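The values are calculated or read from the model by the stated rules, or taken from the named source; none is laboratory data. Bear in mind the structure is a predicted one, so any value in this text is a computation, not a measurement. Cβ coordinates were reconstructed from backbone atoms using ideal geometry, including for glycine residues, and neighbour counts include every protein chain displayed. These area figures cover heavy atoms from the full protein model, side chains too; ligands, DNA and RNA do not enter into them. Shrake-Rupley method; radii C 1.70, N 1.55, O 1.52, S 1.80 Å.
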Amino acid sequence: MKRTVPLIVAFTAGLFGCLVQYVPHAAAQDALSAAVTWDRIIAAFAAFLGIGSLVFAHVRRVERRQAGWGYSAVLLFGFALMVVAGLYNGGTGPFAAEVNAYPDGTPTPMTWLFRYVLKPASATMFSILAFFMASAAYRTFRARTVSAALLLTAALIVMIGRVPVGAWISPALPELTQWLMDVPNAAVKRAIFLGTGLGVIATSLRIVFGVERAYLGGD
Amino acid sequence: MPTNRRAAPALVALLVALALPAAARAEPGPVLSDYPDDDGKALLVEWPAPAAAEPAGTKYDIEIADADAPDRTGPAAKLPAGTRYAEDLPEVYGFGAGRARYAVKIDRAPPAAEGDAAADLTPGRSYVVLLTRIEPDGTRTTLGRSAAAVPKGDLFDTRKINNIVFLLLFGGALVWLTEQARRNPEGMFVRRIPGLEALDEAVGRATEMGRPVFFVHGLAGISSISTVAAVNILGKVGEKIAEYGTAFRVTNRDPVVMAISEETVKESYLRAGRPDLYRDESIVYVSDDQFAYAAAVEGMMVREKPASNLFFGYFFAESLLLTETGAATGAIQIAGTDAYTQLPFFITTCDYTLMGEELYAASAYLSRNPKLLASLKTMDAGKAAILAYLLAGALLTTLGVPFLRNLATVF
């Protein structure tokens with residue numbers, strides 16, 4: 001029963017989701033919209049699972065003074081701060097519509113934290129990518145084999161061709177760069193899409209017909 | 001002027017004959033019908049295009065009204081002459097319909113009251129349209145009012161027949177190959193996938209070094225096939241880890257995926273006969289924010305120094321942050337994703353990478369279940385068929401026969 005009911009639900013939902021793609025009637029499309037809305041509501045409840053797991057895990061670490069418990073304390077402080085700021089909602093409370101700024105234009109605490117703490121932190125992480133790309137390229141682009149040499153050559157052409165100095169060196173470089181992106185790169189991308197698309201269909205059919213059961217938690 | 005009595009009827013006949021072509025040349029009005037293969041909120045207006053080229057600046061104005069109140073019209077569509085022919089709606093007329101006829105889809109209803117905004121057409125309600133031609137100098141010529149038509153929802157989208165035929169063929173091949181696999185399971189050859197073969201090596205290395213294995217889920221939820229594939233791999237890896245008693249960490253960005261990962265790993269430990277080794281705190285929900293997730297996992301990697309990192313699922317920009325940090329800690333790294341934009345980063349920073357469908361093949365490859373292997377064979381058969389279709393279609397299209405290309409059009 002524990003496995004049969006979920007399999008029946010998966011089969012019914014999968015079949016419905018598939019068939020409704022071929023039925024343009026408004027009733028079918030409305031049913032699909034309703035199902036998607038239910039899915040979002042269930043996912044919202046699932047957020048409590050994650051929050052519970054997060055809070056309990058870090059509280060346990062602080063209580064036991066495990067290695068790195070200071071980071072857990074910072075996380076719990078930040079978590080509590082955002083929750084309080086969100087519930088405060090600019091003085092209107094959690095049941096009013098979201099307030100982003102006071103009448104004089106000053107941001108509310110929630111907006112301030114989002115704008116001046118969270119967004120700069122995300123931007124900082126994103127900006128590290130440039131340096132990580134450079135270090136990954138330095139470590140990886142070694143012409144040890146034929147394929148590695150091809151990768152190195154193509155990467156050099158594209159990197160130089162994409163910046164203004166490439167056009168200054170030779171007008172052929174940007175054209176060669178564009179050809180590399182438009183022809184071999186696009187061809188391989190489409191090949192990956194083709195394989196991935198067929199894989200998605202096959203895996204979806206396996207799930208709908210109950211052959212694939214990993215999502216139930218085990219074989 | 002003839003005075004002969006016989007000549008008068010002949011003259012009248014001549015005058016009628018001269019007048020008849022003019023009458024025949026009078027503009028025929030619009031024809032209104034239900035738009036096919038839709039949800040019942042659109043109509044199709046057609047009218048013949050003049051044989052001669054129309055002067056530049058000529059426009060057509062279509063107004064719509066309820067059949068019950070034909071005088072209260074609202075705007076439906078306005079288009080310049082020389083546009084929106086039948087050939088522009090291949091999903092309705094097929095390919096090569098030509099320019100002998102205008103065909104316009106309208107989906108706006110007349111306003112309920114003066115000043116109201118336009119609304120959707122109501123399925124089952126009767127409408128009429130009025131077609132007017134606007135000359136370059138602004139003169140309006142009414143071409144006619146259509147008969148009433150009723151938009152209605154369709155139960156089957158005939159534009160997707162090619163899609164359903166492909167699905168049925170693919171499904172049929174899957175059933176047939178599954179039966180073949182059941183009869184001859186040894187005959188299902190699957191090529192070696194180094195990334196999956198290396199999973200044992202990764203777990204073994206971590207066990208020898210006394211350091212944990214990190215399993216990092218991607219950012220997509222459980223509705224993504226790549227996450228389902230990742231959970232499959234997690235189950236197999238969990239079993240190996242339970243056998244060896246290695247420390248294990250599974251990081252999640254989605255609470256539902258976390259719950260499923262917990263169950264999967266618990267089952268793995270149970271199957272390995274080591275349920276006592278399972279720890280709840282091994283499976284952690286980190287954050288649903290992309291870079292917060294990346295920052296947290298990187299911090300865990302730097303502090304705990306795992307011997308092996310496994311990245312499976314759908315990743316975005318954080319992929320390079322994660323793998324580069326993992327590489328800096330000296331871990332062996334195996335990644336698998338169907339996000340083609342992140343594949344270059346995984347290939348350059350990881351020891352093994354599963355690309356696209358190799359990730360989906362994981363459950364079949366690791367379990368060697370005949371039914372799952374049959375689905376791999378079906379994927380290969382599908383690819384072979386599509387390749388043959390592409391070659392034939394490209395050749396025929398080059399020779400001026402676009403039949404196969406048109407057959408594969410997605411509407």
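Given a Förster distance of 60 angstrom, what is the FRET efficiency for residue B:302 paired with residue B:156, based on the Cβ-Cβ distance and rounded to 0.05? Don't jump to the answer; show the numbers that get you there.
Working: r = 57 Å, r/R0 = 0.95.
Computed FRET efficiency for residue B:302 and residue B:156: 0.60.
Rank these by accessible area, largest first, 1.4 Å probe: A:112, B:47. If you can, show how the numbers build up before the last one.
Values: A:112 120, B:47 5 Å².
Largest to smallest exposure gives the sequence A:112, B:47.
Under a 1.4 angstrom probe, counting protein chains only, how are A:58, A:25 ranked by accessible area, largest first? Write down the numbers at each step before the final one.
Numbers: A:58 40, A:25 60 Å².
Output order, biggest surface exposure first: A:25, A:58.
For region B:276-396, what does the alpha-carbon gyration tensor say about shape, rounded, prolate or oblate, given a ≥ b ≥ c as the root eigenvalues, a/c under 1.5 as rounded, and a/b over b/c as prolate?
Numbers: a/c = 2.73, a/b = 1.77, b/c = 1.54.
Prolate shape, in that a/c is at least 1.5 and a/b is the bigger ratio.
Using the structure shown, list the pairs from A:2/B:240; A:189/B:236; B:236/B:383; A:2/A:119; B:236/B:377 with a Cα-Cα distance above 32 Å, or answer none.
Working: A:2/B:240 26 Å; A:189/B:236 30 Å; B:236/B:383 28 Å; A:2/A:119 44 Å; B:236/B:377 22 Å.
Beyond 32 Å: A:2/A:119.
What is the distance in Å between the Cα centres of region B:268-322 and region A:157-219?
Spelled out, the Cα-based centre of one part sits 26 Å from the other.
How much accessible area per residue does region A:10-169 have, counting only protein heavy atoms and a probe of 1.4 Å, in square angstrom?
Numbers: 10840 Å² over 160 residues.
About 68 Å² of surface per residue is accessible.
Can you tell me the 0 to 90 degree angle between the C-alpha axis of helix B:290-304 and the longest principal axis of chain B, rounded to 10?
10 degrees
With each label point set 7 Å from Cα along the Cα-Cβ vector, what nm distance links residue B:317 and residue B:380?
Between residue B:317 and residue B:380, the label points sit 4.0 nm apart.
As an exercise, use a Förster radius of 25 Å and the Cβ-Cβ distance of residue A:15 and residue B:169 to find the FRET efficiency, rounded to the nearest 0.05.
On the way: r = 18 Å, r/R0 = 0.73.
Efficiency, from the Cβ-Cβ distance: 0.85.
By the gyration tensor of its Cα atoms, with a ≥ b ≥ c the square roots of the eigenvalues, what is the shape of region B:182-229: rounded for a/c under 1.5, prolate for a/b over b/c, or oblate?
Details: a/c = 3.21, a/b = 1.25, b/c = 2.56.
Verdict is oblate for region B:182-229.
Just the number, please: percent antiparallel of the DSSP beta bridges in the protein assembly as shown, rounded to the nearest 5.
On the way: 35 of 56 bridges.
Counting DSSP beta bridges with both partners in the protein assembly as shown, the antiparallel share is about 60 percent.
What's the buried accessible area, both sides, between B and A using a 1.4 Å probe, rounded to 100 Å²? All intermediate terms of the calculation are to be shown ahead of the outcome.
Numbers: alone 21940 and 16790 Å², together 33660 Å².
That pair of chains buries around 5100 Å² in total.
Averaging sequence separations of C-alpha pairs under 8 Å and six or more residues apart, then dividing by the length of region B:190-333, give the relative contact order as a whole percent. Write out the running numbers ahead of the final one.
Working: 240 pairs, mean separation 45.5, N = 144.
The normalised contact order for region B:190-333 reaches 32 percent.
With each pseudo-label sitting 7 Å past Cα toward Cβ, what's the residue B:347-residue B:184 distance in nm, one decimal?
Here the modelled spin labels are 3.5 nm apart.
Can you give me the C-alpha center-to-center distance between region A:43-67 and region B:354-411, rounded to a whole angstrom?
44 Å
At 0.36 nm per residue, and after removing the present C-alpha to C-alpha distance, how many nm does the segment from residue A:186 to residue A:35 gain when stretched out fully? Please list the in-between numbers first.
Working: separation 151, 0.36 × 151 = 54.36 nm, distance 3.58 nm.
Separation in residues times 0.36 nm, less the Cα-Cα distance, equals 50.8 nm.
Under the rule of -39500 (n - 2.57) per DSSP H run of 4 or more residues, summed and divided by the residues of chain A, what mean residue ellipticity at 222 nm is obtained, to the nearest 500 deg cm²/dmol?
Using -39500 (n - 2.57) per qualifying helix, the result is -24000 deg cm²/dmol.
State the extension gain, in nm to one decimal, for the chain segment bounded by residue B:72 and residue B:394, taking 0.36 nm per residue of separation less the distance between their alpha-carbons.
On the way: separation 322, 0.36 × 322 = 115.92 nm, distance 5.20 nm.
Length gained between residue B:72 and residue B:394: 110.7 nm.
Projecting each Cα onto the charge dipole of region B:270-411 (Lys/Arg +1, Asp/Glu -1 at the beta carbon, about the Cα centre), which of B:361, B:317, B:302 comes out farthest on the positive side?
Going by the Cα projections, it comes out as B:361.
Among B:213, B:155, B:184, whose Cα sits farthest toward the positive end of the charge dipole of region B:140-233 (+1 at Cβ of Lys/Arg, -1 at Cβ of Asp/Glu, about the Cα centre)?
Projecting each Cα onto the dipole axis, the largest value belongs to B:155.
Could you calculate the FRET efficiency of residue A:73 with residue A:179 from 1/(1 + (r/R0)^6), where r is the beta carbon distance between them and R0 is 35 Å, rounded to 0.05?
Values: r = 55 Å, r/R0 = 1.57.
The computed FRET efficiency comes out at 0.05.
I want the antiparallel fraction of DSSP beta bridges within chain B, as a percent rounded to 5.
Numbers: 34 of 55 bridges.
Bridges in chain B are about 60 percent antiparallel.
Using Cα-Cα distances under 8 Å and only pairs 6 or more residues apart, what relative contact order does region A:23-152 have, in percent? Don't skip to the answer; put the middle values down first.
Values: 59 pairs, mean separation 12.2, N = 130.
That works out to 9 percent.
Can you tell me how much longer the chain between residue A:82 and residue A:165 gets when fully stretched, taken as 0.36 nm per residue apart minus their C-alpha distance, in nm with one decimal? Kindly include the intermediate steps, with their values, before the conclusion.
Values: separation 83, 0.36 × 83 = 29.88 nm, distance 4.63 nm.
Gain on extension, residue A:82 to residue A:165, equals 25.3 nm.
Give the Rg/Rh ratio for the protein assembly as shown, taking Rg as the radius of gyration of the Cα atoms and Rh as the Kirkwood radius, to two decimals.
Working: Rg = 32.6 Å, Rh = 30.0 Å.
A ratio of 1.08.
Along the charge dipole of region B:220-276, Cβ charges K/R +1 and D/E -1, which of B:233, B:269, B:257 sits furthest on the positive end?
Of the listed residues, the answer is B:233.
Let's see if you can work this out: charge +1 on each Lys and Arg Cβ, -1 on each Asp and Glu Cβ, no other charges. What is the dipole magnitude of region A:1-113 about its Cα centre, in debye to the nearest 20? It would help to have the intermediate numbers written out before the result.
Values: 7 positive and 5 negative charges, 147 e Å.
So the magnitude is around 700 debye.
Going by a ≥ b ≥ c, the root eigenvalues of the Cα gyration tensor, does chain A fall in the rounded group (a/c under 1.5), the prolate group (a/b larger than b/c) or the oblate group? Spell out each step's value before the answer.
Values: a/c = 1.77, a/b = 1.18, b/c = 1.50.
Oblate, since a/c reaches 1.5 and b/c is not below a/b.
Give me the one-decimal nm value for the distance between modelled label points at residue A:118 and residue A:156, 7 Å along each residue's Cα-to-Cβ direction.
4.5 nm
How far is the Cα center of region A:74-139 from the Cα center of region B:109-185, in Å?
About 45 Å separates the Cα centre of region A:74-139 from the one of region B:109-185.
Helix B:370-398 sits at what angle to the longest principal axis of chain B, using alpha carbons and giving 0 to 90 degrees rounded to 10?
Value to nearest ten degrees: 40.
Note the angle between two axes, namely the Cα long axis of helix B:255-271 and the longest principal axis of the Cα atoms of chain B, as a number of degrees from 0 to 90, rounded to the nearest 10.
It is inclined by approximately 40 degrees.
Would you be so kind as to identify all helices of chain A, as entire DSSP H runs, whose Cα atoms reach 18 Å or more along the helix's own axis and whose mean Kyte-Doolittle hydropathy is at least 1.0?
On the way: long enough: A:4-19 (22 Å, 2.01); A:26-63 (56 Å, 0.93); A:69-88 (28 Å, 1.76); A:119-140 (31 Å, 0.74); A:146-161 (22 Å, 2.49); A:186-208 (32 Å, 1.36).
Helices meeting the criterion: A:4-19, A:69-88, A:146-161, A:186-208.
Of the heavy-atom accessible surface of region B:23-157 (probe 1.4 angstrom), what whole percent is carbon and sulfur? Numbers along the way, then the final one.
Values: 3520 of 6790 Å².
Percent of accessible area from carbon and sulfur atoms in region B:23-157: 52.
Defining a contact as two alpha carbons under 8 Å apart and six or more residues distant in sequence, what relative contact order in percent does chain B show? Don't jump to the answer; show the numbers that get you there.
Working: 727 pairs, mean separation 55.1, N = 411.
In percent, rounded to a whole number, it is 13.
If you average over every viewing direction, what projected area does the convex hull of the Cα atoms of region B:60-155 give, in nm²? List each step's numbers first, then the result.
Working: hull surface 29.5 nm².
Averaged projected hull area, Cα only: 7.4 nm².
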